[in-house]
Amino acid sequence: MSRGDEARNRTVYFHLFTYGTLKRGGDGSALLEGCDLVATTSVPGTLYNIEDAFPAAVLAGNGRIEGEVWRCPADRLPAIDAYEGIAEGLFRRVGLRVDEWACWTYVAGPRLARRLKPSCRVESGRW
């Protein structure tokens, strides 16, 4: 086995639960090119519509949030964090269990707190 093969075999992956613009066909879906779609599923929580531009999740409440689980190379994480505005406080990356996978996902950060109004809830849980 060559060193290149060894390096590929040692690639570290993570699972990502997406529910909005990173999903297939979404504005940010190109960030997941080369990642593998693992499942379409849902998690408990509340989904909010932020000015008809993007959704934000809160992992609390009686609803369900529909989304996708993706398997991604670890080196993709910084680009996704930047897209989600982690440094600006737009979203926070948190870990959660989605079915049998330990996943990262992005939930509403402090800069979105004032926009999480009952009138902005997405009752269907589907973006």
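Tabulated results
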| quantity | calculated |
| --- | --- |
| Cβ-isolated cysteines (cut-off 4.7 Å), the chain | 103, 120 |
| Calculated FRET value between residue 111 and residue 11, using beta carbons and R₀ = 30 Å, to 0.05 | 0.35 |
| Convex hull volume per residue for the chain, taking Cα atoms only, in Å³ | 107 |
| Mean-position separation - Cα centroids, segment 95-127 and segment 66-92, in angstrom | 13 |
| Kirkwood Rh in Å, taken over all unlike Cα pairs in segment 45-120 | 13.3 |
| DSSP loop GluC sites (Glu not before Pro) with at most 10 other Cβ within 10 Å: longest gap in the chain | 52-99 |
| Net charge over other residues, Cβ less than 12 angstrom from the Cβ of residue 85 (K, R count +1; D, E count -1) | 0 |
| Test item: Cα-centred dipole of the chain, Lys/Arg +1 and Asp/Glu -1 on Cβ, debye | 340 |
| Label-point separation, residue 51 to residue 120 (7 Å along Cα→Cβ), nm | 0.9 |
| Calculated from backbone phi, Karplus (6.51, -1.76, 1.60) coupling profile of segment 68-78 in Hz, x at Gly/Pro | 10, 9, 10, 9, 10, x, 4, 5, 7, 4, x |
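No lab work stands behind these numbers, since they all come straight from the coordinates. Just so it is clear, the model here is predicted, and its values are computed rather than measured. Every residue, glycine among them, receives a Cβ derived from its backbone with ideal geometry; neighbour counts consider all protein chains shown.
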